[in-house]
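Enquirer: The structure under discussion is supplied below as structure tokens; questions concerning it will follow.
The values are calculated or read from the model by the stated rules, or taken from the named source; none is laboratory data. For clarity, every value in this text was computed on a predicted model and none was experimentally measured. As a convention, Cβ positions derive from the backbone with ideal geometry for all residues, glycine included, and neighbour counts pool all protein chains shown.
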Amino acid sequence: MTGLKEARVNKGISQAELAAAIGVSQTVVSILETNDIYPGDALSAEIHSALGDFGNERRENKMSQNQKVLKYMIDNGKITQSDAVAFRCFRLGARIHDLRRAGYRIITETKYYRNEDGCGHYAEYRLAEATA
């Protein structure tokens, strides 16, 4: 998040102190400071409560990880972990869980693969078709 680190430093608090104030780990604060992601509404409110207004950041240009996953599924029809890693989402299962809790019907299909290194399974997620 643009401006988050500057606001935290100007307040004279460490990442760990901010993390404790907003109820997340220090790692989450670090990720927010160094990546082009935006937290959900609840976490955003906690950050603003802890730091106050910190600049002219425009939220409409930022997307949460959940929003990125949802947009990818809408645009491409499906998503796998390797798709999500391309936009720095490393916990796809957690994002799918959050979207399901938000009311989205997401179908999980287990796919089999075989290549020169061996074989295995991976999950592929897609939005369920809306029924009338």
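Enquirer: How many of the residues in region 77-129 are part of a loop (DSSP other than H, G, I, E, B), more than 21 Å from Tyr38 (Cα to Cα) and in contact (Cβ under 8 Å) with a residue 12 or more places away in the chain?
Expert: 4
Enquirer: Taking the condition outside any helix (DSSP H, G or I), surrounded by 17 or more Cβ atoms within 10 Å (Cβ to Cβ) and at pLDDT 90 or above, does Tyr72 pass?
Expert: No: the conditions fail for Tyr72.
Enquirer: Does region 7-21 contain at least one residue that is modelled with pLDDT under 80 and either under 29 Å from Ile79 (Cα atoms) or not hydroxyl-bearing (Ser, Thr, Tyr) (or both)?
Expert: no
Enquirer: From the list Ala128, Ala84, which one is exposed (fewer than 14 other Cβ atoms within 10 Å of the Cβ) and either not hydroxyl-bearing (Ser, Thr, Tyr) or not assigned by TED's automatic domain parsing to the domain that holds Ile31 (or both)?
Expert: It is Ala128.
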